[in-house]
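Everything on this sheet refers to the single structure shown next.
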Amino acid sequence: MHIPDGYLSPATVATSYAVMIPLWAYGFRKLKSFLDEKTIPLLGSLSALSFLVMMFNIPVPGGTSGHAIGTALLAILFGPWVAFIAVSFVLLIQALVFGDGGISTWAVNAFDMAFIAAFAGYYAYNALKEKTKYAPFVAGWFSINVAALSDAVVLGIQPWLFSDATGKPLYFPFGLEVTIPAMMTAHLLIFGVIEGVFTQIVYTFLKKREVQA
């Protein structure tokens, strides 16, 4: 799901940073008010776990791959703003150190996998937590699919907005008719389930430990 450098137009990159910088600034203020001796170790551990699961790319038909992101789990446990900042930092480290994603596309990747996924997972969980014990699974499944849809739309509008005089795309070459089915089929059927299972298992484990403590 990481968009690499060169896939997005300079206008898209500039717009994404203009949107994300105020969100990051507000999120950092929320994060500072949240951190204490109890929350820092767990947040750090789960952020590292998010980093780890994103590194395991699973091939899917069509020559692409996907992965879990762990954002919903962080949002459920710490709130969406904290999850947003934590996963944004994870994505930055991946781009800088491992070349997974890009610096120019960091804002878009963070918008999809950190901001949208955090709020989608958080509100899905809170809407269902009194109704079913599988609310974490649904939250994980829903969050990654909303993120994938956003990712598909950003990529798919590139040839529509940015083409030369002959109609040849200047950046990402495939439109929405390709990006949405390609992204959503894999995430609805495969990666959403993986994300949901991951969220359910880790959340249940942590809650059991909390009760035992």
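Quantify, in whole percent, the carbon and sulfur part of the accessible surface of the chain (1.4 Å probe; protein heavy atoms only). Could the numbers behind the result be given before it?
Working: 7440 of 10700 Å².
Result for the chain: 70 percent of the exposed heavy-atom area is carbon or sulfur.
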More than 15 Å apart - percent of Cα-Cα pairs taken over region 8-92: 64 percent
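By Kyte-Doolittle mean hydropathy of at least 0.0 and Cα axial length of at least 18 Å, which whole DSSP H helices of the chain are selected? Intermediate values should be presented prior to the final figure.
Numbers: long enough: 10-34 (35 Å, 0.51); 39-55 (24 Å, 1.82); 80-93 (20 Å, 2.51); 135-156 (31 Å, 1.44); 192-212 (30 Å, 0.26).
Flagged H segments are 10-34, 39-55, 80-93, 135-156, 192-212.
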Label-point separation, V97 to F28 (7 Å along Cα→Cβ), nm: 2.0 nm
Accessible heavy-atom area order of Y125, Y17, highest first, probe of 1.4 Å: Y17, Y125
For the chain, size of Cβ-based charge dipole, Lys and Arg +1, Asp and Glu -1, in debye: 680 debye
Within straight-line cross-link reach of K30, lysines at Cα separation under 18 Å, skipping those fewer than 8 residues along the same chain: K38
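Within region 61-213, count lysine pairs with alpha carbon atoms under 18 angstrom apart where the residues are 8 or more positions apart or belong to different chains.
Numbers: K129/K207; K129/K208; K131/K207; K133/K207; K133/K208.
Value for region 61-213: 5.
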Helix-derived mean residue ellipticity, 222 nm - over the chain, DSSP H n ≥ 4, -39500 (n - 2.57), to 500: -21000 deg cm²/dmol
At most 12 other Cβ within 10 Å, DSSP loop - trypsin sites (Lys or Arg not before Pro), region 69-138: K131, K133
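The values are calculated or read from the model by the stated rules, or taken from the named source; none is laboratory data. In this text, all values refer to a predicted model and were calculated from it rather than measured experimentally. Methodologically, a virtual Cβ is constructed for each residue, glycine included, from the backbone with ideal geometry; neighbour enumeration extends over all protein chains shown. These accessible areas exclude ligands, DNA and RNA; they are computed on the full protein's heavy atoms, side chains included. Shrake-Rupley method; radii C 1.70, N 1.55, O 1.52, S 1.80 Å.
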